1. In Å³ and rounded to a whole number, note down the convex hull volume per residue for the Cα atoms of the chain.
2. Just round it to a whole percent: the fraction of Cα-Cα distances in the stretch 129-265 exceeding 17 Å.
3. Within the stretch 195-265, report the GluC sites (Glu not before Pro) that DSSP leaves as loop and that have at most 12 other Cβ atoms within 10 Å.
4. Loop-only trypsin sites (Lys or Arg not before Pro) in the stretch 44-82, please: DSSP not H, G, I, E or B, and at most 12 other Cβ atoms within 10 Å.
5. With n ≥ 4 as the cut-off for DSSP H runs, can you work out [θ] at 222 nm for the chain, using -39500 (n - 2.57) per run divided by the number of residues, rounded to the nearest 500?
6. Return the Rg/Rh ratio of the stretch 27-169 with Cα-based radii and a Kirkwood Rh.
7. Would you work out which of LEU107, GLY134, GLY90 lies farthest towards the positive end of the dipole of the stretch 90-139, given +1 charges on the beta-carbon of Lys and Arg and -1 on that of Asp and Glu, about the Cα centre?
8. Please report the relative contact order for the chain, taking Cα pairs under 8 Å with a sequence separation of at least 6, and give it as a percent rounded to a whole number.
Amino acid sequence: MAKLKIYGIIANYMDNEIIILGNWKMSLNLAQSLVLAENIIEGFKPRKNIQTVICPSTVALTEVEKIIKGSGLALGAQNAFWHAKGAYTGETSPEVLAEVGVKYVLLGHSERRQFLKETDSMIKQKILKCLEHGLIPVICVGETFEERKDNQKDFVIMHQVIEALRGIKLWPDQSLIIAYEPVWVIGSGQAVTPVEAEHTAQVIKQALFDVLEPEAAKKTKIIYGGSVSPDNIAGFIEQPTISGALVGGASLTAETFLSLIETIK
Ligand code: PGA
């Protein structure tokens, strides 16, 4: 426990840029995606201390990129494959994502772990390939309700972080982000408390120091996701080990997404 506290203190001294990612999932068709991107751009005011990212579906990436170019908004993808080229029908190459202007890639989202049976080892290979192509992986980890009920939460999360990152070395110009998303909270409208999210973020920080070089562990940001809204975002951002949020439902209208960002001091 004492060790966790020490890491919490280190987190206070890290680069303090906040990152907010909107995960549009498969919620919108192409026309709706373009309208949402345009509406966000209309009201978007770039902020020095906040990096704002939108993650449309793969098909919408190139058109959304044209809309947001030069606005200060960054583009994120929702997945990538672990090879850049080859006979992998239906997959999306990290090289091509970088080519179309993507900067961030969500990896290991619980919906992919659940519906596509993604494993920690697949996620690790994807992380490596994304880093190789200059992308910033946003690695999603989180416990199910059953795991939480069985008091397995911290163990499950440490395991996911360590298995995804074991043996990975970050060059000074490479970075990654861990998104803590309690699976049972996603889309429920009921987030965990900021204090609980902070506790888990400290557990993740500990795992990062266990598995990465100290410099890499120190600079790796941890964000919270799961029913984040304009009403609760401030509580999460105030926590010393939480550097931002992964936002699903509340990123699907320009009004809620922009008001969520404006709430951040
Ligand atoms: P939510 O989704 O904000 O709708 O809970 C978050 C996510 O799945 O990334």
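What follows draws every value from the coordinates through simple rules; no lab data is involved. Predicted model only: the values in this text are computed from it and were never measured. Don't worry about glycine lacking a Cβ; one is built from the backbone with ideal geometry, like all the others, and counts go over all protein chains shown.
1. Residue-normalised Cα hull volume stands at 121 Å³.
2. It works out to 59 percent of all Cα pairs.
3. Counting only loop positions with at most 12 other Cβ atoms within 10 Å, the GluC sites (Glu not before Pro) in the stretch 195-265 are GLU238.
4. Taking the stretch 44-82 and a limit of 12 other Cβ atoms within 10 Å, the loop trypsin sites (Lys or Arg not before Pro) found are LYS48, LYS69.
5. Value at 222 nm, helices only: -12500 deg cm²/dmol.
6. 1.01
7. Projecting each Cα onto the dipole axis, the largest value belongs to LEU107.
8. 21
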